[in-house]
Amino acid sequence: MGHVSHHTDLEGRTLLDVGGGPGYFRDAFRSAGATYFSVDADAGELSGLGEIAPGTVLGSGMQLPFRDDAVDVCYSSNVLEHVDDPWRMAEEMVRITKPGGVVFISYTLWYGPWGGHETSPWHFLGGRRARRRYAKVHGHEPKNKFGESLFKVTVRQGRRWSRRQQSADVIAFEPRYHPGWARWTVHVPLIRELSTWNLVIILRKR
């Protein structure tokens, strides 16, 4: 939440958590003064903390069920790598954000140490191979199935999309969990893919 509050005052703001499941960040955002809503495509995920909370919507991140310019802040943490058209989801997040509002996108990088999620580090030998190995070792499929619910998403793709889109200004493009002195890593080809782990893109809607 600190990344978001650094760029906008959350008091009195309307915030949508895309792919937020049952609302793991709900309490933190509400305590900062935001009106919190969550959208997720998986009903099972939405009930992960018990009863589905008010302000929770069932819907796809790639076709958000909200009008244009609907929220002050659109937030997504570690979701982009789970959809097969991640940059369409990013475009949707920008679309529903009000002019002057903030879009926060954070995702796990495929070539980072946790890119394969529970199949790591075997994903470095290929996503499908890692998935088969996991099923053989554990006797069941991983929760995050490469090619179905887990996909390769990179720093390069994020950089390309953020430069191509015309609706918002990029105000931050940085590693999420690195110290400040290590932010340069996202600008160096190859190094950025292997060392960044998790990328943050923050935009302000024009």
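Bear in mind that the values in this text are calculations on the coordinates, not laboratory data. What you see is a predicted model, and the numbers here were worked out from it, not measured in a lab. Virtual Cβ from ideal backbone geometry, glycine too; neighbours counted across all protein chains shown.
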Worksheet item: So, counting K/R as plus one and D/E as minus one, what does the shell of residues with Cβ under 15 Å around GLU11 add up to?
Response: 0
Practice prompt. For GLN165, put the label point 7 Å out on the Cα→Cβ axis and report which residues of the stretch 7-29 keep their amide N under 20 Å from it.
Written response: 7-10, 14-21
Discussion item. What is the sum of charges, Lys and Arg at +1 and Asp and Glu at -1, for the other residues whose Cβ falls under 11 Å from the Cβ of TYR36?
Written reply: +1
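Net charge around TRP161, counting only other residues with Cβ within less than 13 Å of its Cβ (Lys, Arg = +1; Asp, Glu = -1)?
Details: positive: ARG88, ARG156, ARG159, ARG160, ARG163, ARG164; negative: ASP85, GLU91, GLU92.
Here the count lands on +3.
Where does the chain land at 222 nm, in deg cm²/dmol rounded to the nearest 500, when only DSSP H runs of n ≥ 4 count, each adding -39500 (n - 2.57), divided by all residues? Could you put the intermediate results ahead of the total?
Working: 7 runs with 53 residues, N = 206.
The helix contribution divided over the chain gives -6500 deg cm²/dmol.
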Item to complete: Just need the relative contact order of the chain here, percent rounded to a whole number, with Cα pairs under 8 Å and 6+ apart.
Response: 19 percent
Worksheet item: If r is the Cβ-Cβ distance from ALA182 to ASP69 and R0 is 41 Å, what FRET efficiency results, to the nearest 0.05?
Response: 0.70
Worksheet item: Tell me, Kirkwood radius of the chain from alpha-carbon pair distances, in Å?
Response: 17.5 Å
Practice prompt. About the Cα centre of the chain, how large is the charge dipole given +1 on each Lys and Arg Cβ and -1 on each Asp and Glu Cβ? Please answer in debye to the nearest 20.
Written response: 920 debye
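Using 0.36 nm times the number of residues separating LEU190 and HIS7, minus their current alpha carbon distance, what extension gain do you get?
Details: separation 183, 0.36 × 183 = 65.88 nm, distance 2.86 nm.
63.0 nm is the gain from fully extending LEU190 to HIS7.
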